[in-house]
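Data block below; observations after.
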Amino acid sequence: MLLSLGGRFLLEIKGDEENVQTLFSTKFRSAESSSEPDFVLECRDHINLKQKGILNEIFVKPFCITDGYELAYVKGGKKLVIPFQDMGNPPSLEVKYERGFPPDWLRFIFDQIFGIHILKQGFSLLHAGAIVKDGMAILLPSWRFAGKTTIALSMLIYANEAVQFIADDGSLVSETGTAEVYSDALHLDYTHLRQFPMIKNPFSVWMTMRLYIKEQLTSSLLPKGRLMEYLSQGIAFLLCPGSKTYTKIHHALPNIIVSKEPRLIKRVCLLMMGNDVEKVSSKKIDAHDMVGRMTRAMLYERKELMQLYYAYAYATGTQNQFIEKSQLIESQVLTEAFKDAECLELKVPIVAKDKLNETLREIVSIAMA
């Protein structure tokens, strides 16, 4: 199975289970090419590794090491082998995993591996939404759960002019100052369906019912307060631990156009959410400041992979110099990418549901001005 990662990179999946193939095909397009793949995911019935006990109960539990210095991430009793010694050495990176490894985690960890491996080719997989206006890209970087998908959807739906989709969660940013598609899928949850009723529901009837019950429990029945907020999050996780799904944007919003080519970056709008913010506001920030913040943010986004790498380096006494320098390399890539762009910090209040539409329209107005 050959998949296109935004039209620039190729992923080959070998010997895979049908559910994993389906999971990846909901995020990436099928490809037909005679070119060699950039990445290979190979399913094995069994991976025989010598297990080590270092840090088992602290960060990575457990992990395994072979004499060849490969290290495996273990989830659900199944192993994913990460070839740290080969990362940063194109053209191809081969990742092996055991049959039955949880598919969602496979995709999650793959994105982190991919994000580091492509740095050497002058690209960063930036944790950012992005749209195209007047032929140029507007980026919306932020931390996890800050509302990138919601704001990207607002820009696509509420804009009074023609816009195109690049990403709602991850954008390929190059050192030439362009942004392009990594995946043409939206990462949706139930709140997006409530906020934007024109979106076609990608969830099954059973999952929709569970998500509806979860929403009622967490938003209507529990009293307000920080303790109740944590309690509601716990209830939500127990009801629906996997409450988000990928769906191709042409299925969810058939009228939206996906950008087919790299677009010069016009503006970078860093989203900052806060309880102490009263209204949406913006201020210009230095590109160097933006690069520093995003470099640290991407280190956080890859925290699972980096914890595993440091365990590998400690256990084997070896280092991958490319990974060691990856934060500096990413900073260099983003410095080149943002040098001609306008950089803004958008402070956004956390508001009640009845004021959300108004707030979203304010964000769209500022970001697309």
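Structure values in brief
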item: Any chance ILE363 is more than 25 Å from LEU71 (Cα to Cα), crowded, with 16+ Cβ neighbours inside 10 Å and among the β-branched types (Val, Ile, Thr); result: yes
item: Any hit, segment 163-184, residues being surrounded by fewer than 18 Cβ atoms within 10 Å (Cβ to Cβ), without any contact (Cβ under 8 Å) to a residue 40 or more places away in the chain and either of a type in the set (A, V, I, L, M, F, W, C) or touching a helix residue (DSSP H, G or I) at 6+ places or on another chain (Cβ under 9 Å) (or both); result: no
item: Enumeration of residues in segment 119-151 that are under 18 Å from LYS347 (Cβ atoms) and among the hydrophobic types (A, V, I, L, M, F, W, C); result: ALA128, ILE138, LEU139, LEU140, TRP143, PHE145, ALA146, ILE151
item: Residue within segment 156-179 that is under 19 Å from the mean Cα position of the chain (by Cα) and among the charged types (D, E, K, R) present; result: yes
item: Subset of segment 1-13 (residues that are touching a Lys or Arg at 6+ places or on another chain (Cβ under 9 Å) and either surrounded by fewer than 20 Cβ atoms within 10 Å (Cβ to Cβ) or part of a helix (DSSP H, G or I) (or both)); result: MET1, SER4, GLY7
item: All positions within segment 60-89 that are assigned to a loop (DSSP other than H, G, I, E, B), modelled with pLDDT of 70 or more and under 25 Å from PHE9 (Cβ atoms); result: PRO83, MET87, GLY88, ASN89
item: One residue from GLY88, GLY115 being touching a strand residue (DSSP E or B) at 6+ places or on another chain (Cβ under 9 Å) and over 23 Å from GLU18 (Cβ atoms); result: GLY115
item: Filter result for the condition that a residue is at pLDDT 80 or above and more than 26 Å from LYS325 (Cβ to Cβ), over LEU11, LEU2; result: LEU2
item: Selection from segment 278-299 of residues that are touching a helix residue (DSSP H, G or I) at 6+ places or on another chain (Cβ under 7 Å), of a type in the set (Val, Ile, Thr) and at pLDDT 90 or above; result: VAL291, THR295
item: Residues being in contact with a Leu (Cβ under 9 Å, 6 or more places away or on another chain) and surrounded by 24 or more Cβ atoms within 10 Å (Cβ to Cβ) - total across segment 120-138; result: 9
item: In segment 264-275, the residues that are out of contact with any helix residue (DSSP H, G or I) (no Cβ under 8 Å at 6 or more places or on another chain) and farther than 15 Å from THR359 by Cα; result: LEU264, LYS266
item: Hits in segment 318-330 (condition: of a type in the set (Ser, Thr, Tyr) and crowded, with 18+ Cβ neighbours inside 10 Å); result: SER326
item: Selected residue [in contact with a Lys or Arg (Cβ under 8 Å, 6 or more places away or on another chain) and closer than 20 Å to GLY122 by Cα] from ILE329, ILE265; result: ILE329
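The values are calculated or read from the model by the stated rules, or taken from the named source; none is laboratory data. All figures in this text were calculated on a predicted structure; none of them were measured in a lab. For neighbour counting, all protein chains shown are included, and Cβ atoms are generated from backbone atoms with ideal geometry for every residue, glycine included.
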